[in-house]
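Quick notes on the structure that follows.
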Amino acid sequence: MKGQLIAASFICAVGVLMVFKVLPPNRWVGLRTARTLADPAAWYRAHRAFGWLFLVTGLAAAASRLWPTMLVYPAWGLAGVLSVAAATVFVYRRYAA
């Protein structure tokens, strides 16, 4: 349980870095496409959108671990993965393509 809270906190921290434009264009972390690497404005727009997604995902993951009696079904995990995938496609098409 402790490891899951640490992972959720890490996801939230990365989200905050992206939202507040602290994470500069780089080759290791982020949505690395030709457009985002060439244009810093595109990099920051795309990562600000991803940052909000990371922040919400991390908070939801942390909240689900705070209530140990809460039932977590595999369908919730599938819904989370599908929503992150859909948001990734949306951000990629809008800002990075």
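Throughout, read-outs are computed from the coordinates displayed, never taken from laboratory work. Everything quoted here is computed from the prediction, not taken from an experiment. Don't worry about glycine lacking a Cβ; one is built from the backbone with ideal geometry, like all the others, and counts go over all protein chains shown.
Taking the longest Cα principal axis of the chain as reference, the axis of helix 40-66 is set at about 0 degrees.
What the Cα atoms of the chain give is an Rg and a Dmax of 14.7, 48 Å. A protection proxy built from the mean count of other Cβ atoms within 10 Å ranks the segments 28-36, 45-53, most packed first, as 45-53, 28-36.
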